[in-house]
Structure formats: C-alpha cells, structure tokens
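Notes to accompany the following structure.
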Amino acid sequence: MPVNGSQKDGGTFFLWIKFKEHRATLSRLTMKFEMMKNLFLPLILMCGFLGMSQAELNKYKYIIVPTKFETFKNENQYQTSTMIKYNLVENGFTAVYDNDMPADLLANRCLGLLLNLKDDSSMFTTKVTLTLKDCQSNVVYTTVEGSSKEKDYKSAYSEAIKECFKSLSGIGYKYEPSGDTAEVTVSFKNDVKRLEKAAEKDKDISFEDIVENKPQEKDKDIRFGDLAEDKIESNRQNVIQQKATLEEQSYKSMEPVQSNITKAENMPTVALPDVDYKTDDSGVLYAQAIANGFQLVDSTPKITLRMYATSQANFYIAEGDVHSGAVLKKGDKWYFEYYEGDKLMGQELNIKF
C-alpha cells in the first residue's frame, strides 16, 4: 500500500520525539553520575587517607605530651597539656608527659611520637593544629585545624583542641610492635641510627647437614656407616700420645718472687681549689647505659654529657659539647665539675638512672 506524505511526516515527528526523550534521559543519568562521583570520590580518598594514617600511627607505642608548649610561657597553660592527654587516652592512645616517661621509652626514644601544638590564633579567633613527630623530627601526622571564638582563653583552647581530635577519632589506632628492627640508639652527635635485626641464619639446615655436612650428589651412595668409620679412624690418627717421663714434662714454679718495686716518697699535699657552683637549669637528665658508662639525655631528646667510668665509685670522666671534666657524687647529689680558664666551675645535675 503506498504511503502518502502526511504519514511520512508523522513517522519522522514520532522518531524525533523519541530521540528527544532518550537524550533527556541520558542527560539526567549523566548528571546523576557526576553527582555520585563528586560525592563518593572524596569519601574514597578520605578512607584511603585514614587507612594510611592508621598504619603509620600503629607503629608507635606512646604519644609524648609536653608539659609546656613552646607557644606558652607556663606549664600546662590554659590546661592545654591536660586536655590533649585526656583526648589522646579517650581515642585509645597511650599518652605520657615528657617529664614522666616509662623506662622502655627512655631507653628507646623512637617508640613514641612527640606532640606539638601550633598556635595560629588571631585577635578574635583561637586557632590550633596538632602535629606528631618521630624521633628524627619528621612529621608523621597533622590534625585538622581547630578554632574557637570564645573570649575566655581556657574555654577557647579546650574547644579548639576538641575540634583537632575529630580527625583522630575515626582512625582506630592499635599499637603493632615492629618485629624487624632492634632498639634505636642515639649517637654522640644526636643522630638516630636504626640497628637492623640480624636475619635468621641456617634455619633450613637439616639434622643430617649438621652431623655430616650433607654429602654432594656424587657421594650420595656412601653409607652412613662408612662415614662413621672414616671419622673414627681419623680421630685415632689425631690422638697425641703423652709420654710419662721427666724429660717430656714441663714445670713452672709458682713460688712467690720478691718484688723490686720501691715505695714512693711522700708527695707534697696540694690545696684543693674552690668550686664556683652554677644554678642548674637543664632539668631532669636521663642516664642511658653505653659502653664504659652512661650518656645523659634531656627530654628533647639531646645528649648533654657522656660519662665514662673510672676505678673510683661514683666518679666519672665527662665529655660535653662545650666543656669536659668530671661527674661525681657528693652525698646524695651529683655534680659536673670543669674548668673555665683557671677557674674550677661546678654544676648540680638532676640525674635519673
């Protein structure tokens, strides 16, 4: 049946309407996809960032909280140290103050991260950021910036610190001890060296290898009994026959021999110099055992002195960056004595062994 012009126009118009509808549907789907992408991409990135942060923080056992931050003049000013330690404990961390560190942290400073408070406050807004640094002063983690418009400083810092901890609250921290490194030691120049743990040796050696140094393939048909007989014969050949005659015996006399050392003449006595003692401002110094003595480390941590043992108890030869002298104990107190020119100087030390 022939098709007239009006039918052709109607069919074309119908196809055009369908095309417009499909294009509108496709446009709506594209817009939805873009919206979903803009919504989920930041979430995916955030989850990845939190996962990496968690893995990094899980390496450390302690968070060290200073009792006095550099931005403040007084200890625990506005109760910032107390507030930070409280929030760390609430989020599952083991927090300690820098003046009360446990023994394992004193022996290995790299078990902990040092917390620092950065204050970017303006006249009307209190702004703080918290950073965590390792024993080599590398920044391991930085929180979001917390802010407050409270007029009271104590309330303002408390509110700002709580905002900082929003980025730490969802990390899910759990300490995971590392099994591939040994204790970290601090060298004399205050650099940190990581001593790699020795690899396990010969763990796959079999009992047969240990007994007879497992024969090569070409000797694989040799019986164990043959090897044992050869071993016994070799031992027989290596036996040394001892002769019980006077000529063959050696003898060393153990009779005391008179000494030719003469007693020294009485030496003239020397007047003891007066000591000019300085006021100690170094704080608590932690003694870490080293070869032949100790090294004294402050809470930075920085090595201030190295003490080498002598034959006299509680008397050490001391070496420092500026002065060298002696560390000795008088009564219940320790002192560092050294010379400045011709003047004997002394400084009381607060040593914690």
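Placing a label point 7 Å from the Cα of Lys166 along the Cα-to-Cβ direction, the residues of region 98-136 with a backbone N closer than 20 Å are 117-122, 124-132. Neighbours of Ser147, meaning other residues whose beta-carbon lies under 13 angstrom from its beta-carbon, give a summed charge of -1 when Lys and Arg score +1 and Asp and Glu score -1.
3J(HN,Hα) couplings calculated from phi for region 110-124 with the Karplus curve 6.51 cos²θ - 1.76 cosθ + 1.60 (θ = phi - 60°) are, in sequence order, 7, 6, x, 10, 8, 8, 10, 9, 9, 9, 10, 5, 10, 5, 10 Hz; Gly and Pro show x. Using the Cβ-Cβ distance between Tyr308 and Lys333 with R0 = 22 Å, the FRET efficiency computed as 1/(1 + (r/R0)^6) comes to roughly 0.65.
The length gained by stretching the chain between Ile317 and Val144 to full extension, at 0.36 nm per residue less their Cα-Cα distance, is 57.4 nm.
Under a 5 Å amide H cut-off, with hydrogens placed 1.01 Å from N, Ile290 pairs with Gln295 among residues at least 5 apart or on other chains.
Given their separation in residues at 0.36 nm each and the Cα-Cα distance between them, Asp298 and Asn91 gain 71.7 nm when the chain is fully extended.
Projecting label points 7 angstrom from Cα along Cα→Cβ for Lys59 and Lys278 puts them 3.8 nm apart.
Our coupling estimate for region 344-353, obtained by passing each phi through the Karplus curve with A = 6.51, B = -1.76, C = 1.60 and θ = phi - 60°, is 7, 10, x, 9, 6, 10, 9, 9, 10, 8 Hz, Gly and Pro reported as x.
Among rounded, prolate and oblate, which fits region 62-169 when a ≥ b ≥ c are the square roots of the eigenvalues of its C-alpha gyration tensor, a/c under 1.5 means rounded, and a/b larger than b/c means prolate? Prolate is the answer for region 62-169, as a/c is 1.5 or above and a/b outweighs b/c. With an a/c value under 1.5 for the gyration tensor axes a ≥ b ≥ c computed over the alpha-carbon atoms, region 276-352 is described as rounded.
Throughout, read-outs are computed from the coordinates displayed, never taken from laboratory work. Here the structure is a predicted model, which means the values were calculated and not measured. FYI the Cβ positions are ideal-geometry reconstructions off the backbone, even for glycines, and counts take in every protein chain you see.
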